[in-house]
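Worksheet: the structure to be examined is printed underneath.
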Amino acid sequence: MNLLDGPFALPLAALAAVALDRLLGEVPRFHPLVGFGHLASAIEARLNQRQIAGGVLAWALAVLPWVALALALRPLAPFAVDVLLLYFSIGAQSLCEHVRAVAIPLADGRLDEARQRVSWIVSRETSTLDETGVAKAGVESVLENGNDAIFGTLFWFALLGGPGALLFRLANTLDAMWGYRTERYNLFGRFAARLDDAMNWLPARLTALSYALLGNTLNALACWRTQAPAWDSPNAGPVMASGAGSLGVQCGGAAMYHGREEQRPPLGRGPAPVAQDLFRAIALVRRSLWLWLAALFPIFALIGWMHA
């Protein structure tokens, strides 16, 4: 049996893509997602009349042609297309590198450098953060983006192959760009935000479960149950509450956004995070990635056996 044509084709493609990501990291120049971001900005500038209908049209123009192209190319070389699409869509190595770039100067006492580095991965204001604030921002970022950049992408890859990974990543990117409750984006970005919530609902809960299983399980499950409902985001809440509980640290609380302090519900239970907890958060995400990859093989073997 040709493994690249059988039930193990997708798991093997996932392994190959993750290996490429670990070996090569993010494409340094002309990354497709960066180009997509420029295209999305141009479309938004033309079509944003602060109406929901315009947002739906903009989303379709930005996403659907690329997914259609992926679907058209996939039958020509399924394994190669799946590997490349997942490699360009997944962001495991990039995420870990960005968080390590915060953790290392923070651990060495270089707070100004750590503040600057964390500002590249979070939307809150970081110029006045102390060590705890930087560590908290980094832990929250790696946990939440683990779902968006890795596990949600893998979930849709498992369902629909490379085109599914691409669809999810582009939809998630538009949510990150347009899904704000500001005057400019409240109506225009509403479709992008709601669709991302729907596509991420099950992956987020599987991510939260993965974090719980690979750390302090009881604490993680308790934090997920009691803290996640208080968060505005239906998906970030479970992921971050479970992850912080698994690590045994306390995140959430006050944060500055656009000059205003927001009091956010607590996440996790334990002491406030320090630099070392950033390394622990990276390790938790990496272990979860291997758990997901290991789970793909029996799942697809079962699917193949059912279809045999």
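The values are calculated or read from the model by the stated rules, or taken from the named source; none is laboratory data. Just so it is clear, the model here is predicted, and its values are computed rather than measured. FYI the Cβ positions are ideal-geometry reconstructions off the backbone, even for glycines, and counts take in every protein chain you see.
Among the residues of segment 153-203, those identified as among the charged types (D, E, K, R) and over 24 Å from P78 (Cα atoms) are D175, R181, E183, R184, R190, R194, D196, D197.
Scanning segment 27-49 for residues that are of a type in the set (D, E, K, R) and surrounded by fewer than 16 Cβ atoms within 10 Å (Cβ to Cβ), we see that the one that is farthest from L86 (Cα to Cα) is R46. If we scan segment 114-131, do we find a residue that is assigned to a helix (DSSP H, G or I), closer than 24 Å to A255 by Cβ, touching a Gly at 6+ places or on another chain (Cβ under 7 Å) and among the aliphatic types (A, V, I, L, M)? Checking segment 114-131: at least one residue is assigned to a helix (DSSP H, G or I), closer than 24 Å to A255 by Cβ, touching a Gly at 6+ places or on another chain (Cβ under 7 Å) and among the aliphatic types (A, V, I, L, M).
For segment 6-58, a residue qualifies if it is of a type in the set (D, E, K, R) and touching a residue at least 40 places away in the same chain (Cβ under 8 Å), and the qualifying residues are D21, R22, E26, E44, R50.
Per the listing V239, V249, the residue uniquely over 19 Å from the mean Cα position of the chain (by Cα), modelled with pLDDT of 95 or more and within 22 Å of V122 (Cβ to Cβ) is V249. Looking only at segment 211-233, filter to residues that are more than 19 Å from the chain's Cα centre (by Cα) and not in a helix (DSSP H, G or I); which one of those is surrounded by the fewest Cβ atoms within 10 Å (Cβ to Cβ)? Here the residue is N216.
Considering each residue of segment 96-135, count those that are polar (S, T, N, Q), out of contact with any strand residue (DSSP E or B) (no Cβ under 9 Å at 6 or more places or on another chain) and within 24 Å of G268 (Cα to Cα), and give that number. Within segment 96-135, residues that are polar (S, T, N, Q), out of contact with any strand residue (DSSP E or B) (no Cβ under 9 Å at 6 or more places or on another chain) and within 24 Å of G268 (Cα to Cα) number 2.
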